[in-house]
1. Nearest 20 debye, what's the magnitude of the dipole of the chain about its Cα centre given +1 on Lys and Arg Cβ and -1 on Asp and Glu Cβ?
2. Considering the dipole of region 21-443 built from charges on the beta carbon (Lys and Arg +1, Asp and Glu -1) around the Cα centre, which of Asn199, Phe186, Gly213 is farthest to its positive end?
3. Hey, with R₀ at 22 Å, roughly what FRET efficiency would Leu462 and Ser402 work out to, going by the Cβ-Cβ distance, to 0.05?
4. Sticking with the crude label model, points 7 Å out along Cα→Cβ, report the distance from Thr367 to Lys138 in nm, one decimal please.
5. How high is the FRET efficiency from Val443 to Ala355, r the C-beta distance, R0 30 Å, rounded to 0.05?
6. Pop a pseudo-label 7 angstrom from the Cα along the beta-carbon direction at both Ala413 and Asn212 and give the gap in nm to one decimal.
7. Translational diffusion coefficient, Stokes-Einstein: compute it for region 21-443 using the Kirkwood radius over C-alpha pairs as Rh, at 25 °C and 0.890 mPa s, and state it as an integer in µm² s⁻¹.
8. Pop a pseudo-label 7 angstrom from the Cα along the beta-carbon direction at both Trp192 and Thr275 and give the gap in nm to one decimal.
Amino acid sequence: MTSLISPSASKSEPEAEPLSDRNQQKAHALGLTSATALVVGSIVGTGVFTMPAVLAGAGTMGIAVLAVIAVGAMLLAVLFGQLTKRVPNSDGGVYAYSRHEFGDFAGYLVGWCYWIQSWAGNAAIVSSWVFYVDALFKFSHPSGMANWGIAMIGLWIPAIINLSGVRQMAWFQNVTVVLKFLPLLFVGVVGWFFVAKANFGPFNASGGSLYNGIGIAAGVALFSFIGVEAAAITAKRVKDPRTNVLRASVIGTVASAALYVLVTAVVMGLVSHHTLVNTGSPFVNAFQTMFPHSAWAGQFVAGVAVISGLGALIAWTLIVTETSRAIAQDDLFPRPFAWSDKRGTAWFGILVGTALPSLLMLWRYSTSSGLTVFTYLVDLSVVTVAIPYFFSAIAQLTFLVSKRRRVQGWQLARDLSVAGASVLFSMWVTFASGYQVVYQALVVLLAGLVLYAFLNARRQGLGEITSPVDLPDEVPASWHAELLAPKNVQPEEGH
């Protein structure tokens, strides 16, 4: 398939080589079901198993905050579907939208931020995943290096599955989504028969203002919905992306949001408030309430969490790879990230995207500040993903107000509402993260600009983009005088 080139691309940019029919089928290996499973698998990871305890620290208002965040995530799902439908080359999702509307520089910034967020988020996921592996196999007080070895299994098994091809990854992803979704849905539905009203804590348990309570709940809720853009990022791998990206994004986000709200409310009613805010494994307590005489409850929950985390890591390994591949194919990232095997798998991107979180986890387990590193990675992921969300929203807003296409009446009002709400939601995500994390994210963004300087210089040298016109080394003094002299503009007659 010959990809369409966005209007912002250079005219000298080489066209992609057409793929054979067989390779097209391999590239577009994700149908609606698999694309939806990818969205659910990306959103629902290990965070859901600790989220009720964190939200309980804010009080029952945490359920309402979670519901509001869910609405914002659904709006983003619709936004990504709309953008994929109209952007000619939507390969790379949030990166492609920004490049199409604002050019190479904006596209690179968004792609860099999203790529950093993706593999750093994998480190955060696997850090939580290790705790559940320890609980499942009853490892008591394992050493830091032992846990690092477990983390390597959690990172490299998904990498191997992705290296085997998108079809195998999609099959495995579908299985893990079912294995983790059904037990959580069971708790969210059957658990209501065991709920005690006295277990619910106060509406605001933060000990401060309502705003403080919202801040406590918002952080974990925001992080829990990262992944709503999974189908958009992997649009090249989705069959009929103009239709299925929107459907998969909305269905997957709605299903995840319903699951989140259900299980959070149920766990708050199953476990006393005092116990809930002092535990790191609230689902163990919830299952013990539902099955008080069963010794298997704790290990069962740990097993579900391990499967859930593994499914999320499989999905995010693909997202990390597809993000870097799309940018590299446009020559805005080091070229090896676009190297693909006969199955169309960007193997170099998988290896680097897995090696980086592996090194982060080595640092995490070889220092005494492991929890600090984990918290930093979570917060950094929220801020760095808010930037691509924001750029995507203003890209759609630019399109709507530019009147490039005739959109009238309720459709215009609907689309403006979705884009405007997404802009505000992205800004709120950044604001709620706190100034320290925003400052650290800015440093990461600036570091990416250094890489862009070298990439841009290379593209100029190859003639892929027009080089700026500079003055020669020696310029006559009269030229400087002429350039610096004020221009005397004569007023037009009648003014």
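Please treat every number below as a calculation from the coordinates, not as lab data. What you see is a predicted model, and the numbers here were worked out from it, not measured in a lab. Ideal geometry is used to build each Cβ from the backbone, glycine not excepted, and the neighbour counts take in all protein chains shown.
1. On the way: 28 positive and 23 negative charges, 316 e Å.
Dipole magnitude for the chain comes out near 1520 debye.
2. Phe186
3. Details: r = 32 Å, r/R0 = 1.45.
Approximately 0.10, to the nearest 0.05.
4. 3.5
5. Details: r = 22 Å, r/R0 = 0.73.
FRET efficiency, Val443 to Ala355: 0.85.
6. Roughly 4.2 nm, to one decimal.
7. Details: Rh = 21.6 Å.
Reported coefficient: 114 µm²/s.
8. Going from the Trp192 label point to the Thr275 one covers 2.2 nm.
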